[in-house]
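The block underneath contains the structure these notes are about, expressed in structure tokens.
The values are calculated or read from the model by the stated rules, or taken from the named source; none is laboratory data. Computed from a predicted structure; not experimentally measured. In this analysis, Cβ positions are derived from the backbone assuming ideal geometry, glycine residues included, and neighbour counts consider all displayed protein chains.
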Amino acid sequence: MPANFGIGTLVAARTIAIAGAGIGGLTTAVALAARGFRVALFDRAARLEETGAGIQLSPNATRVLDGLGLRERLKPSVVAPDAVIVKTAQNSELARLPLGPSAASRYGAPYWMIHRGDLQAALLGAVLAHPDITLTLGAAVDGCPAGADGVTVQVLRGEKLEEVAAAALIGADGLWSRVRALAGEPDAARFARRTAWRALMLADAVAPEFRAPAIHLWLGHGSHLVHYPVKAGAMINIVAIAGDAQPSHGWSTAATPDEVRTRFSADAWAKPARDLLALPERWLKWPLYDRPPRPHRGRGAVTLLGDAAHPMLPFLAQGAAMAIEDAAVLAAALAATPDDAPAALRRYEQARGARTARVQRAARRNDTVYHLPWPASAARDFAMGRMGNKRLLAHYDWIYGWRPE
Ligand SMILES: Cc1cc2nc3c(=O)[nH]c(=O)nc-3n(C[C@H](O)[C@H](O)[C@H](O)COP(=O)(O)OP(=O)(O)OC[C@H]3O[C@@H](n4cnc5c(N)ncnc54)[C@H](O)[C@@H]3O)c2cc1C
């Protein structure tokens, strides 16, 4: 999806620059433009491509996307799950978290599953349709000295360094954020000693019970498996997570079926799970990283958003949702004091810090719970089986019930 526009014509007043056109940067661009700002959005990639994988959008995120007018763009490709079905690796059901209509009426917004490419296409469509958003690809933000009325954003395009004046710079440039380093936030990302193997299958190829609109979460000893339909039910997204001593090089690298087979072996995993995992011929793997939960900080007219601010383990399916929430809060803060961007950014950081840190901690807790060794895993399964489905859902109220103020 290439898009290129000149950047020399941008003016600083009410212009906000964003580094990174991932889910966080794209949503922020739409949210800011909806509040009357001009947006200069940069991504270092020459093309915006999303790896073949799914993403869960919980009600706290769909509420924001709906508020930005994206429902109609998203609806043709989403699947609304009836439930999260939690099972042991031996295929006995432990719990069934009711989603579907019960989640929609409890939280006032739906729970959706979507292919990442479809989410990105919907956001990108809204970005390209807005006259006040300029997207420049092949443009890496590399510096941001303070300017007279905000920042001078230094952008590398090939060998050329260009400068753009903006009232503020938002670093939405992901886990290895350059803007984070520029803002003086030093924490190194931590490899969680786990890798996620991901694959997509045509729905027709999988067992009928796995085509139903549900999220299947299988808990083993030291590993777990998640799968759910995407692309309006036409494809099944599969994520197999297990321990890994070394991170693979690169972000999303090819993996072999054998890597998955050996980690999900017959002594621990039931046949239906192994049959599903035997289907894909192509796998991609993502080493999993996070950072310690810390207050959300920026400097002057610069702040961070999404994984650049608070990368988290994917065991609550909340990384993108937090970036989407950030976008809504940041746009509201800037709109409240458009002539004092630094003050707005500090209010945004203040509003987000405790919540995103709490979600990061909860994701780390799930890392422990999902990957307990035997016999602690047996105790976990027993406790979860006795919890009751409604009580289990109530556990997530603080996440899914969030609303922008
Ligand atoms: C296995 C797995 C499953 C997940 N499942 C879910 C889920 O179900 N639900 C959920 O909510 N979250 C999920 N997440 C988390 C989610 O994917 C991330 O939190 C989210 O994609 C982060 O978005 P972002 O926009 O902050 O960063 P990114 O998606 O990393 O985007 C950053 C962008 O910045 C660009 N960039 C980098 N440096 C520069 C620079 N210097 N200048 C300009 N551009 C730059 C990059 O090219 C990239 O496009 C999952 C994560 C994993 C690993």
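Every residue, every condition in (1) buried (at least 22 other Cβ atoms within 10 Å of the Cβ); (2) touching a helix residue (DSSP H, G or I) at 6+ places or on another chain (Cβ under 7 Å), yes or no:
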{"site": "LEU277", "(1), (2)": "no, yes"}
{"site": "ARG282", "(1), (2)": "no, no"}
{"site": "PRO292", "(1), (2)": "no, no"}
{"site": "PRO295", "(1), (2)": "no, yes"}
{"site": "LEU305", "(1), (2)": "yes, yes"}
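For the stretch 65-72, indicate whether the set of residues that are among the aliphatic types (A, V, I, L, M) and more than 18 Å from the chain's Cα centre (by Cα) is non-empty.
The answer is no, given that none of the residues of the stretch 65-72 is among the aliphatic types (A, V, I, L, M) and more than 18 Å from the chain's Cα centre (by Cα).
Name the residues in the stretch 170-196 that are of a type outside the set (D, E, K, R), within 10 Å of the ligand (Cβ to nearest atom) and not in a strand (DSSP E or B), would you?
Across the stretch 170-196, the qualifying residues are ALA172, GLY174, LEU175, TRP176, SER177, VAL179, ALA181, LEU182.
Kindly evaluate ARG282 against the criterion of being under 27 Å from the mean Cα position of the chain (by Cα), closer than 30 Å to ARG347 by Cβ and either modelled with pLDDT of 95 or more or among the charged types (D, E, K, R) (or both).
no
What tally of residues in the stretch 249-279 results from selecting those that are under 20 Å from the mean Cα position of the chain (by Cα) and over 18 Å from GLY54 (Cα atoms)?
Final tally of qualifying residues: 1.
Mind listing just one residue for me: the one in the stretch 129-154 that is in a strand (DSSP E or B), over 25 Å from the mean Cα position of the chain (by Cα) and buried (at least 23 other Cβ atoms within 10 Å of the Cβ) and, of those, farthest from the ligand (Cβ to nearest atom)?
Going through the qualifying residues, I end up with GLY150.
So which residues in the stretch 192-224 are closer than 14 Å to GLY243 by Cβ and within 20 Å of the chain's Cα centre (by Cα)?
Listed by number, the residues that qualify are ALA192, ARG193, ARG194, THR195, ALA196, TRP197, HIS224.
Return the total of residues in the stretch 42-62 being within 9 Å of the ligand (Cβ to nearest atom), buried (at least 22 other Cβ atoms within 10 Å of the Cβ) and not hydroxyl-bearing (Ser, Thr, Tyr).
7
Could you check ARG347 against (1) within 16 Å of the ligand (Cβ to nearest atom); (2) modelled with pLDDT of 95 or more; (3) over 30 Å from ILE238 (Cα atoms); (4) more than 19 Å from the chain's Cα centre (by Cα) and say which number it fails?
If we test ARG347 against (1) within 16 Å of the ligand (Cβ to nearest atom); (2) modelled with pLDDT of 95 or more; (3) over 30 Å from ILE238 (Cα atoms); (4) more than 19 Å from the chain's Cα centre (by Cα), just (1) comes out false.
Restricting to the stretch 157-170, and then to whatever is more than 17 Å from THR28 (Cα to Cα) and in contact (Cβ under 8 Å) with a residue 40 or more places away in the chain, can you tell me which residue is surrounded by the fewest Cβ atoms within 10 Å (Cβ to Cβ)?
Ranking the qualifying residues of the stretch 157-170, first place goes to GLU162.
All but one of (1) of a type in the set (D, E, K, R); (2) within 14 Å of the ligand (Cβ to nearest atom); (3) under 21 Å from the mean Cα position of the chain (by Cα) hold for GLU162; which doesn't?
Every listed condition holds for GLU162 apart from (3).
Can you report the number of residues in the stretch 365-382 which are without any contact (Cβ under 8 Å) to a residue 40 or more places away in the chain and more than 29 Å from the chain's Cα centre (by Cα)?
Of the residues in that region, 5 qualify.
For (1) within 14 Å of the ligand (Cβ to nearest atom); (2) aliphatic (A, V, I, L, M), each residue gets a yes or a no:
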site	(1), (2)
SER248	yes, no
ALA255	yes, yes
LEU288	yes, yes
ARG299	no, no
ALA308	yes, yes
GLN318	yes, no
MET322	yes, yes
ALA336	no, yes
GLY353	no, no
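Identify all residues within the stretch 364-387 that are more than 12 Å from LEU94 (Cα to Cα), part of a helix (DSSP H, G or I), modelled with pLDDT under 85 and not small (Gly, Ala, Ser); write none if there are none.
Those that are more than 12 Å from LEU94 (Cα to Cα), part of a helix (DSSP H, G or I), modelled with pLDDT under 85 and not small (Gly, Ala, Ser): none in the stretch 364-387.
Inside the stretch 171-191, can you point out the residues that are more than 17 Å from the chain's Cα centre (by Cα) and surrounded by 19 or more Cβ atoms within 10 Å (Cβ to Cβ)?
ARG178, VAL179, ARG180, LEU182, ALA183, GLU185
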